[in-house]
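The values are calculated or read from the model by the stated rules, or taken from the named source; none is laboratory data. Everything quoted here is computed from the prediction, not taken from an experiment. Backbone-built Cβ (ideal geometry, glycine too); neighbour counts: all protein chains shown.
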Amino acid sequence: MLIKKTIASDPKSFEITSRSTYLKRRDFLKGGAALAGAMMFPWSLQAALPKKIPNLVKSPFSTDEPVNKYDDVTGYNNFYEFGTGKSDPYSNSGDFKSRPWSVTVDGLCDKPGQLDIEDLMSKFQQEERIYRMRCVEAWSMVIPWVGVQLSSILNKFEPNSKAKYVEFTTLVDPEQFPGQKYPIIPWPYREGLRMDEAMHPLTVMATGIFGEELPPQNGAPLRLVVPWKYGFKGIKSIVRIRFVEKQPVSTWMTAGPNEYGFYANVNPEVDHPRWSQAKERRIGEFLRRPTLPFNGYGEEVADLYKGMDLRKFF
Amino acid sequence: MVKKKKFPYKPFVFVACLLPACWLVYGVFTGLLGANPIEAVLRDLGDWALRFLLLGLAISPIRRIIGWAWVMRYRRMIGLFAFFYAFMHLSIYIGVDQFFDWPTIWKDIVKRPYITIGMAAVLALVPLAVTSPKTMVRKLGGARWKALHKLVYPIAIAGVVHFFLLVKADIREPLIYGAILAFLLGERLYRRLPTRGFARSS
């Protein structure tokens, strides 16, 4: 007979069962097997199920709108590195390794260096931030992110006065990212923010969702979240952050220069050339709802763009 | 002479052609279509409209190249299914995706070439569907009927162009449809080449 000693760090039974309610239908058997395995070999649990992020604090920036379903947030993704279908990231990310992971931070700063994911998780206060996310394809979700305000990370590397923009780069590894075997968009995925956008209190480096570490399809182990911009600005699986003087050229700017601009602020007045941005379908809802300027965060961010022609700087 | 009773394949083909639609209905009610079922239904209906269009265009080349004359019996049904899926595709776009938001739909038609082209293609299929019964061939006269149904070539081209214009970056799938269509239309052009005609007549 197997005798199981209880250790304080062991996951509590209620933690395991609550997790099971999240599991996808088609994963039910897989999850069940993992659960059975975990009961016999508790140390295997870490690999089987995403880790909870401890000591979360709630953020005043969170919306109180109803959060989208876990299955929808983790099963309907644009992450071309795993494939261009919406369920490809879920289906093709089984072998993705988000540990060990470190981010090179360099460029125009006084203390360039490495940002290790374990340090990011343990040395920074993790906050829950429930944000609206508006995709450029005219759908939206409400997602309970976990993460760190980007400014508090960037400040550690002491960007100097020449730094006007921040450039982010995603990992290139066709073994882990099967989508990268085809030049559908130029790899690596790149994104950028103006310094004041990057330092804005709403801008977050996300490390988790639903209180747990990010699953690969959502950009593990760390991804950008800029809630007033279209979702594609939220670059995933970041390996490099660089302070630069000139405006970076993002991947989508290269792929479709007249369709995707650098700013990509949510704007119902400026249509994508091929579809209207006036309305959006909130995932889980039937009728489209009107899209709000800056995705509803205008009060916080509109000042950043004072005097700019947002039709020109789309 | 006693006529041998033929095995009734047609109902089976009919049911097979209906399966994609059944799957979509089933998927909607069981939640198997994912987070955005409206988009999934819209896309799938469009895919199947294109597939049936190409299949309909493949019938006569199959007869000519492989020599299966029997496939001709299914051409009308396949063509009508192409119309069915294309019509459902347009209906879902208007009635569900846009929920009869006519000003937006009108703006889409005017401003967005892929919508303009797609809508024109579906509308152009209507006279073909209406004149599909055999009695209509007689009424119109064979030559005129044939001329009218040549519309299917620009319609199929419009369908592929519509698909090509709407994808964001991954053009592989529309390229596959385009290649198949190019082959099917190319086969027809090749048969009409004068050099080949001379060779045959000599």
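Somewhere in the stretch A:232-242, is a residue assigned to a strand (DSSP E or B) and surrounded by fewer than 20 Cβ atoms within 10 Å (Cβ to Cβ)?
Taking the stretch A:232-242 and keeping what is assigned to a strand (DSSP E or B), we get A:238-242.
Remaining after also requiring surrounded by fewer than 20 Cβ atoms within 10 Å (Cβ to Cβ): A:239-240.
Yes; the residues of the stretch A:232-242 include at least one that is assigned to a strand (DSSP E or B) and surrounded by fewer than 20 Cβ atoms within 10 Å (Cβ to Cβ).
Can you name every residue in the stretch B:55-77 that is of a type in the set (Gly, Ala, Ser) and within 16 Å of residue B:184 (Cα to Cα)?
Going through the stretch B:55-77, the residues of a type in the set (Gly, Ala, Ser) turn out to be B:56, B:58, B:60, B:67, B:69.
Correct list: B:56, B:58, B:60, B:67.
All but one of (1) over 30 Å from residue A:270 (Cα atoms); (2) in contact (Cβ under 8 Å) with a residue 12 or more places away in the chain; (3) within 14 Å of chain B (Cβ to nearest Cβ) hold for residue A:159; state the number of the condition that does not hold.
Among (1) over 30 Å from residue A:270 (Cα atoms); (2) in contact (Cβ under 8 Å) with a residue 12 or more places away in the chain; (3) within 14 Å of chain B (Cβ to nearest Cβ), the lone unmet condition for residue A:159 is (3).
Looking at B:116, B:135, which is the one that is surrounded by 14 or more Cβ atoms within 10 Å (Cβ to Cβ) and in a helix (DSSP H, G or I)?
Values: B:135 fails: surrounded by 14 or more Cβ atoms within 10 Å (Cβ to Cβ).
Within the list B:116, B:135, the selection yields B:116.
Of all residues in the stretch A:271-288, which are under 18 Å from residue B:93 (Cβ atoms) and of a type in the set (D, E, K, R)?
So the first thing to find is which residues in the stretch A:271-288 are under 18 Å from residue B:93 (Cβ atoms), and the list is A:271-272, A:274-281, A:285-288.
The answer is A:271, A:274, A:279, A:280, A:281, A:285, A:288.
Identify the residue in the stretch A:170-179 that is more than 12 Å from every other protein chain (Cβ to nearest Cβ) and over 23 Å from residue A:105 (Cβ atoms) and, among all such residues, is surrounded by the most Cβ atoms within 10 Å (Cβ to Cβ). Don't jump to the end; show me each part of the working.
From the stretch A:170-179, those more than 12 Å from every other protein chain (Cβ to nearest Cβ) are A:170-178; that's our starting set.
Imposing the further condition that a residue be over 23 Å from residue A:105 (Cβ atoms) reduces the set to A:174-175, A:178.
On the way: A:174: 12, A:175: 10, A:178: 16.
Selected residue: A:178.
Return the only residue of B:101, B:44, B:97 being touching a residue at least 40 places away in the same chain (Cβ under 8 Å), within 29 Å of residue A:72 (Cβ to Cβ) and of a type in the set (Asp, Glu). Lay out the reasoning, then the answer.
Working: B:101 fails: touching a residue at least 40 places away in the same chain (Cβ under 8 Å); B:44 fails: touching a residue at least 40 places away in the same chain (Cβ under 8 Å).
Among B:101, B:44, B:97, only B:97 is touching a residue at least 40 places away in the same chain (Cβ under 8 Å), within 29 Å of residue A:72 (Cβ to Cβ) and of a type in the set (Asp, Glu).
Do we have any residue at all in the stretch A:243-258 that's within 12 Å of chain B (Cβ to nearest Cβ) and free of Cβ contacts under 8 Å to residues at least 24 places away in the same chain?
Yes: the stretch A:243-258 contains one or more residues that are within 12 Å of chain B (Cβ to nearest Cβ) and free of Cβ contacts under 8 Å to residues at least 24 places away in the same chain.
If I go through the stretch A:271-291 residue by residue, how many of them are away from every other protein chain (no Cβ under 11 Å) and crowded, with 17+ Cβ neighbours inside 10 Å?
Of the residues in that region, 3 qualify.
Find the residue count for the stretch A:259-299, including only residues that are touching a residue at least 60 places away in the same chain (Cβ under 8 Å), part of a loop (DSSP other than H, G, I, E, B) and among the small types (Gly, Ala, Ser).
Residues that pass the stated criteria total 3.
Taking residue A:183 and the conditions (1) touching a residue at least 12 places away in the same chain (Cβ under 8 Å); (2) over 28 Å from residue A:56 (Cβ atoms), which numbered condition does it fall short on, given that it satisfies the others?
Evaluating residue A:183 over (1) touching a residue at least 12 places away in the same chain (Cβ under 8 Å); (2) over 28 Å from residue A:56 (Cβ atoms) leaves (1) as the failure.
If you go through the stretch A:185-200 one residue at a time, do you hit one that is within 14 Å of chain B (Cβ to nearest Cβ), surrounded by fewer than 19 Cβ atoms within 10 Å (Cβ to Cβ), closer than 30 Å to residue A:281 by Cβ and not aromatic (Phe, Trp, Tyr)? Lay out the reasoning, then the answer.
Taking the stretch A:185-200 first, the residues within 14 Å of chain B (Cβ to nearest Cβ) are A:185-187, A:189.
With surrounded by fewer than 19 Cβ atoms within 10 Å (Cβ to Cβ) added as a condition, the list becomes A:186.
Then drop every residue that is not closer than 30 Å to residue A:281 by Cβ, which leaves A:186.
Those still in the list that are not aromatic (Phe, Trp, Tyr) too: A:186.
Yes, there is a match, as at least one residue in the stretch A:185-200 is within 14 Å of chain B (Cβ to nearest Cβ), surrounded by fewer than 19 Cβ atoms within 10 Å (Cβ to Cβ), closer than 30 Å to residue A:281 by Cβ and not aromatic (Phe, Trp, Tyr).
Regarding residue A:258, is this residue assigned by TED's automatic domain parsing to the domain that holds residue A:68, farther than 19 Å from residue A:115 by Cβ and buried (at least 23 other Cβ atoms within 10 Å of the Cβ)?
Values: assigned by TED's automatic domain parsing to the domain that holds residue A:68: yes; farther than 19 Å from residue A:115 by Cβ: yes; buried (at least 23 other Cβ atoms within 10 Å of the Cβ): no.
No, not satisfied.
For (1) within 9 Å of chain B (Cβ to nearest Cβ); (2) in contact with a Pro (Cβ under 6 Å, 6 or more places away or on another chain); (3) free of Cβ contacts under 8 Å to residues at least 40 places away in the same chain, each residue gets a yes or a no:
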residue	(1), (2), (3)
A:67	no, yes, no
A:82	no, yes, no
A:86	yes, no, yes
A:90	no, no, no
A:93	no, yes, no
A:98	no, yes, no
A:109	no, yes, no
A:113	no, no, no
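What residue, of B:152, B:126, B:137, B:160, is away from chain A (no Cβ under 14 Å) and under 30 Å from residue A:232 (Cα atoms)? Step through it out loud before you land on a result.
Numbers: B:152 fails: under 30 Å from residue A:232 (Cα atoms); B:126 fails: under 30 Å from residue A:232 (Cα atoms); B:137 fails: under 30 Å from residue A:232 (Cα atoms).
That would be B:160, the only listed residue that is away from chain A (no Cβ under 14 Å) and under 30 Å from residue A:232 (Cα atoms).
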